[in-house]
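Participant: One structure follows; several queries about it will come next.
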Amino acid sequence: MPGNSQRRNRRTSQKKGPQIGSGGQRRRGLKGKGPTPPAEARTGHPKKRAAELRARKDAGRKAAARRGGTSPSELVVGRNPVFEALRGGVPATTLYVQQFLESDDRVTDAVKLAMERGDVHLLEAPRPELDRITGGLNHQGLVLQVPPYEYAHPDDLTDAAADAGADPLIVALDGVTDPRNLGAVVRSASAFGGHGVVVPERRAAGMTAGAWKTSAGTAARTPVARATNLTRTLKDYQRAGLTVVGLAADGERELGDVDALGGPVVIVVGSEGRGLSRLVGETCDIRARIPMPGGAESLNAGVAAGIVLYEAARRR
């Protein structure tokens with residue numbers, strides 16, 4: 001028969017509440033878990049999912065800014081412009097053809113070129129629809145949609161030179177607003193081994209259909225970078241070891257005396273009328289002039305860039 005001490009221990013073990021040696025765990029378990037977290041932090045909550053979606057979109061925008069961003073899509077309208085754009089290799093996604101359109105050679109040839117390329121969708125649309133998407137422009141029954149251009153980042157140009165084991169050869173345009181000049185500069189950069197062209201984000205020509213056409217297809221292999229602030233970009237290039245050579249009619253040196261063209265260099269070309277802006281001109285390490293015995297006051301940006309790029313290529 002169990003003794004008195006055993007009965008007493010059995011009765012004690014059946015008591016509720018903390019036991020000797022529990023370390024107060026049951027007491028701590030009664031404490032609250034703190035304030036309720038906001039909805040954006042609760043797993044599975046709609047607001048948390050919405051916050052995660054916003055974060056992914058922000059990351060995508062930052063990545064686009066790192067690449068240099070994109071231009072808006074563009075419409076080329078009219079029979080001759082559309083035909084010339086397709087013949088010139090301008091990237092395109094869709095060719096709209098008006099329903100019941102009276103065909104001529106330009107319409108037939110444009111449709112044939114689009115079909116031969118294989119990556120251009122052909123869509124028939126009624127005239128009111130074409131009037132709507134072109135804002136009432138005289139489209140003559142043909143509309144070509146050009147996709148957004150994806151700009152490079154200025155750092156991508158020096159990275160490409162490093163990957164090729166070459167000194168960077170870059171052209172920067174300051175105040176050049178004619179897309180045809182931009183296309184001509186891209187074509188010259190491609191011809192003479194340039195690693196790309198830099199344009200300012202604002203008040204400057206962009207890679208439109210006209211620039212693509214003038215580049216004669218070289219824009220597909222010669223990147224165009226967009227700079228938020230051209231002066232700051234030039235200073236970044238200087239810190240990376242590149243010499244910034246600006247073209248100016250009153251430059252201190254003649255082009256043939258600029259030995260820096262044989263090394264890592266950025267050639268800055270201003271607009272035909274105004275030339276280099278004040279801040280950009282002050283940032284340049286060297287301001288060079290192109291001797292012109294014929295007496296012309298200035299050259300357009302495409303011609304000037306071609307001359308300097310040839311001289312740089314000759315020295316390499």
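The values are calculated or read from the model by the stated rules, or taken from the named source; none is laboratory data. Just so you know, these numbers come straight off a predicted model, no measurement behind them. Don't worry about glycine lacking a Cβ; one is built from the backbone with ideal geometry, like all the others, and counts go over all protein chains shown. We work out accessible area using only protein heavy atoms, side chains counted, and drop any ligands, DNA or RNA first. Shrake-Rupley method; radii C 1.70, N 1.55, O 1.52, S 1.80 Å.
Participant: Work through the residues other than L173 whose Cβ is under 14 Å from its Cβ and net out their charges, Lys, Arg +1 and Asp, Glu -1. Walk me through the numbers before you get to the answer.
Facilitator: Values: positive: R180, R187, R202, R203, R226, R274; negative: D174, D178, E201, E272.
Overall, the nearby charge balance is +2.
Participant: Can you pull the three principal axis extents for the Cα set of region 93-212, in Å, largest first?
Facilitator: Principal extents (largest minus smallest coordinate, Cα): 56, 32, 21 Å.
Participant: For R278 and E201 in the same chain, what is the full-extension length gain: residue separation times 0.36 nm, less their Cα-Cα distance, in nm? Intermediate values should be presented prior to the final figure.
Facilitator: Numbers: separation 77, 0.36 × 77 = 27.72 nm, distance 1.77 nm.
That pair, R278 and E201, stretches by 25.9 nm at full extension.
Participant: Quote the FRET efficiency, to the nearest 0.05, computed for K235 versus N138 with a Förster distance R0 of 35 Å and r equal to the Cβ-Cβ distance. Intermediate values should be presented prior to the final figure.
Facilitator: On the way: r = 46 Å, r/R0 = 1.32.
In this case the efficiency is close to 0.15.
Participant: Using a/c under 1.5 as the rounded threshold, could you call region 249-316 rounded, prolate or oblate? The axes a ≥ b ≥ c are square roots of the C-alpha gyration tensor eigenvalues, and prolate needs a/b larger than b/c, oblate otherwise.
Facilitator: Values: a/c = 1.60, a/b = 1.16, b/c = 1.38.
Here region 249-316 falls in the oblate category.
Participant: Moving on to the next point. Which far-off residues, 5 or more places away or on another chain, put their amide H under 5 Å from the one on V244, with H placed in the peptide plane?
Facilitator: V266, D285, I286
Participant: What distance in nm separates the two pseudo spin-label positions at T36 and D109, each 7 Å out from Cα along the beta-carbon direction?
Facilitator: In this crude label model, T36 to D109 measures out at 7.2 nm.
Participant: Keeping all protein chains in place, calculate the accessible area per residue for region 235-316 (probe 1.4 angstrom), answer in Å².
Facilitator: The answer is 50 Å² per residue.
Participant: Between G196 and residues 5 or more places away or on another chain, which pairs have amide H atoms under 5 Å apart, with H built 1.01 Å from N, and which residues are they?
Facilitator: V171
Participant: Evaluate E = 1/(1 + (r/R0)^6) for A249 and R221, where r is the Cβ-Cβ distance and R0 equals 41 Å; express this FRET efficiency to the nearest 0.05. Before the final figure, lay out the partial values.
Facilitator: Working: r = 32 Å, r/R0 = 0.79.
Result of the calculation: an efficiency of 0.80.
Participant: Once amide H atoms are built 1.01 Å from N in the peptide plane, which residues 5 or more positions from A152, or in another chain, come under 5 Å H to H?
Facilitator: Distant-sequence amide H within range of A152: V224, A225, R226.
Participant: Which ³J(HN,Hα) values, rounded to whole Hz and listed in residue order, are derived for region 200-209 from phi using the Karplus coefficients 6.51, -1.76 and 1.60 in 6.51 cos²θ - 1.76 cosθ + 1.60 with θ = phi - 60°, glycine and proline given as x?
Facilitator: Computed from phi, the couplings for region 200-209 are x, 6, 10, 6, 8, 5, x, 7, 8, 4 Hz.
Participant: Relative contact order for region 191-262: what percent, with Cα pairs under 8 Å and sequence separation of 6 or more?
Facilitator: Averaging sequence separation for qualifying contacts and normalising by length gives 31 percent for region 191-262.
Participant: In the neighborhood of H139, defined by Cβ-to-Cβ distances under 12 Å, what is the net charge if each Lys or Arg adds +1 and each Asp or Glu adds -1? If you can, show how the numbers build up before the last one.
Facilitator: Working: positive: R79, R127, R132; negative: E129, D131.
After counting each charged neighbour, the total is +1.
Participant: What dipole magnitude, in Debye to the nearest 20, does region 207-316 give about its Cα centre under +1 on Lys/Arg Cβ and -1 on Asp/Glu Cβ?
Facilitator: On the way: 14 positive and 11 negative charges, 101 e Å.
In total the dipole reaches around 480 debye.
Participant: In whole Hz, with x marking every Gly and Pro, tabulate ³J(HN,Hα) for region 280-292 from phi via Karplus 6.51 cos²θ - 1.76 cosθ + 1.60, θ = phi - 60°.
Facilitator: Computed from phi, the couplings for region 280-292 are 5, x, 6, 7, 4, 6, 9, 10, 10, 10, 9, x, 10 Hz.
Participant: Which one of V198, A220, V186 is farthest out on the positive end of the charge dipole of region 180-250, using unit charges on Cβ (Lys, Arg +1; Asp, Glu -1) and the Cα centre as origin?
Facilitator: After comparing all options, I get A220.
Participant: Can you work out the accessible area per residue across region 109-151, with the rest of the protein chains kept in place, probe 1.4 Å, in square angstrom?
Facilitator: Each residue of region 109-151 exposes 59 Å² on average to a 1.4 Å probe.
Participant: By accessible area of protein heavy atoms, probe 1.4 Å, what ranking do M292, M115, M207 get, highest first?
Facilitator: Details: M292 65, M115 125, M207 10 Å².
I get M115, M292, M207, largest accessible area first.
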